[in-house]
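A quick write-up on the structure given underneath.
The values are calculated or read from the model by the stated rules, or taken from the named source; none is laboratory data. Since the structure is predicted, the reported quantities are computational estimates derived from the model, not experimental observations. Cβ: placed from backbone, ideal geometry, glycine included. Neighbour counts: every protein chain shown. Calculation scope for accessible area: heavy atoms of the full protein, side chains included, ligands and nucleic acids excluded. Shrake-Rupley method; radii C 1.70, N 1.55, O 1.52, S 1.80 Å.
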Amino acid sequence: FLSNMSHELRTPINAVNGVSEILQGSNLPEKEKRGIGVIRSAGKRLYYQISDVLDYSEIETGHFSLTYDEYEPVSVIHDAVSMVCDGDSGLLAGFSGKKGESLEFAIDVEPSLPKVLYGDAERLKRLLAALIDNALKFTEIGGVYLYIRSRKEKYGINLNIDIWDTGCGMDEEQQKRLFHGSYLGDNSAERKKRGLGLGLAIAHGIVSAMKGFITVESGLEEGTHIHVSIPQEVRSKEHSLTLEQPEKYRSVCYFNKEKYARREIGSFYYRMVEHIRISFGVDISIASSLQEVKELCASGVMTHLYISVWEYQMEPEFFDRMAEKFTVCVFAEREFVPTKGSSVDIIYKPIFMFAVINHLRATLPGGPVR
């Protein structure tokens with residue numbers, strides 16, 4: 001019954017989502033566009049909740065099947081993140097932490113992850129979306145860190161997915177129900193967080209179908225770490241992320257740890273910086289203060305400076321002057337606007353390893369002027 005119902009509901013919801021998307025791209029007045037955006041956001045959310053019901057019913061009745069084909073993990077990761085976080089149509093559109101504070105979200109990927117794998121890309125995307133959705137939904141202060149890497153095996157690789165959050169955590173009973181693939185959420189908590197409570201049960205079912213395993217480390221008010229490992233065949237050993245001429249870069253990141261409500265957030269970003277340094281051989285370091293940044297700028301050897309909005313707003317005139325000498329990039333929310341005439345680049349959140357590497361490629365020192 002649930003399976004049939006889900007299929008029947010998808011048709012009218014697809015019509016709502018399709019028409020609202022067309023209307024959003026039309027020449028309607030801004031007020032009407034905002035209203036259409038609300039409809040589209042609600043429609044998308046309902047579509048994914050219907051998909052949750054369908055997936056859960058298939059898992060529970062043993063009718064859950066996989067479809068194998070070649071796929072690029074980079075594209076799957078990007079699509080999964082977009083499902084949850086992208087603009088007005090994401091699962092968590094407009095979602096923010098406690099007291100309206102925006103949550104931090106970092107997506108880190110091991111560059112040596114094979115470029116082409118063989119498996120079920122759609123189910124993998126649903127798995128990632130479920131993990132991300134759950135982590136963000138139950139986090140009010142701080143943020144989420146997703147790290148994806150691979151480990152070589154005789155049959156190909158184990159695709160390892162780790163996701164940490166600084167949220168409310170789970171008690172032992174909730175974790176036990178997860179491992180049995182049962183309905184996880186507490187009804188009152190799920191209603192408060194706008195969900196059906198099926199996300200982790202679906203994730204457990206997908207991982208089991210892929211002959212992988214999932215482990216959880218969590219405690220109430222301590223956050224959660226979920227580790228997933230699934231076997232995948234390799235069709236192309238070429239690395240997913242590459243960077244030519246890394247020796248030309250002299251990069252500095254300045255993120256003031258004191259501004260984060262949870263100290264783990266600074267560690268998430270620092271870990272990503274360290275992966276760039278080790279994996280690509282880029283000369284990239286972390287500055288601990290604005291004074292240190294100014295001293296490094298005065299040395300004349302820097303090619304790139306990465307900061308967030310908080311640091312930029314400490315002294316925008318200084319960073320605007322530096323942007324005329326070398327590349328200055330600000331990690332920012334969509335509503336951020338630099339000072340008029342500023343030459344700073346912007347990478348919009350969530351912070352994706354792909355976006356950072358693509359920015360480095362586009363701003364190669366000595367390369368063509370953009």
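Taking Q313 and the conditions (1) over 22 Å from the mean Cα position of the chain (by Cα); (2) under 27 Å from Y145 (Cα atoms); (3) touching a residue at least 12 places away in the same chain (Cβ under 8 Å), which numbered condition does it fall short on, given that it satisfies the others?
(3)
Identify all residues within the range 217-243 that are at positive phi and not in a strand (DSSP E or B); write none if there are none.
Within the range 217-243, E221 is the sole residue that qualifies.
If a residue counts only when it is among the polar types (S, T, N, Q), which helices (runs of 4 or more DSSP H) contained entirely in the range 287-353 have at least 1 such residues?
Those helices (runs of 4 or more DSSP H) span 290-299, 309-314.
Could you identify the single residue in I284, I276 that is outside any helix (DSSP H, G or I) and modelled with pLDDT of 90 or more?
Just one listed residue meets the conditions, I284.
If L117 passes every condition in (1) open to solvent by less than 40 Å² (accessible area, probe 1.4 Å); (2) under 30 Å from C168 (Cα atoms) but one, which one does it miss?
(2)
From the set of residues in the range 224-277 that are touching a residue at least 12 places away in the same chain (Cβ under 8 Å) and acidic (D, E), which is surrounded by the most Cβ atoms within 10 Å (Cβ to Cβ)?
Filtering the range 224-277 for residues that are touching a residue at least 12 places away in the same chain (Cβ under 8 Å) and acidic (D, E), the one surrounded by the most Cβ atoms within 10 Å (Cβ to Cβ) comes out as E264.
Report, by residue number, each residue of the range 1-19 that is in a helix (DSSP H, G or I) and open to solvent by 90 Å² or more (accessible area, probe 1.4 Å).
The answer is N4, H7, E8, T11.
Would you say V293 is touching a strand residue (DSSP E or B) at 6+ places or on another chain (Cβ under 6 Å), within 15 Å of M353 (Cα to Cα) and surrounded by 15 or more Cβ atoms within 10 Å (Cβ to Cβ)?
no
Pairs only if they're at least six apart or on different chains, beta carbon under 9 angstrom, first in the range 347-358 and open to solvent by 20 Å² or more (accessible area, probe 1.4 Å), second of a type in the set (K, R); list them, first residue then second.
Y348/R334; K349/R334
Looking only at the range 20-33, filter to residues that are in a helix (DSSP H, G or I) and touching a helix residue (DSSP H, G or I) at 6+ places or on another chain (Cβ under 9 Å); which one of those is surrounded by the most Cβ atoms within 10 Å (Cβ to Cβ)?
S20
Could you run through the range 140-161 and say how many residues are closer than 15 Å to E264 by Cα and surrounded by fewer than 18 Cβ atoms within 10 Å (Cβ to Cβ)?
Looking only at that region, the number is 2.
Taking V328 and the conditions (1) touching a Leu at 6+ places or on another chain (Cβ under 6 Å); (2) open to solvent by 30 Å² or more (accessible area, probe 1.4 Å), which numbered condition does it fall short on, given that it satisfies the others?
(2)
Name, by its number, the condition in (1) on the phi < 0 side of the Ramachandran plot; (2) open to solvent by 30 Å² or more (accessible area, probe 1.4 Å); (3) not aromatic (F, W, Y) that does not hold for G281.
For G281, the exception is condition (1).
Across the range 213-223, what is the number of residues that are open to solvent by less than 30 Å² (accessible area, probe 1.4 Å) and over 22 Å from the mean Cα position of the chain (by Cα)?
So the answer is 1.
So which of V53, V76, V81 is in contact with a strand residue (DSSP E or B) (Cβ under 8 Å, 6 or more places away or on another chain), open to solvent by less than 70 Å² (accessible area, probe 1.4 Å) and at pLDDT 80 or above?
V81
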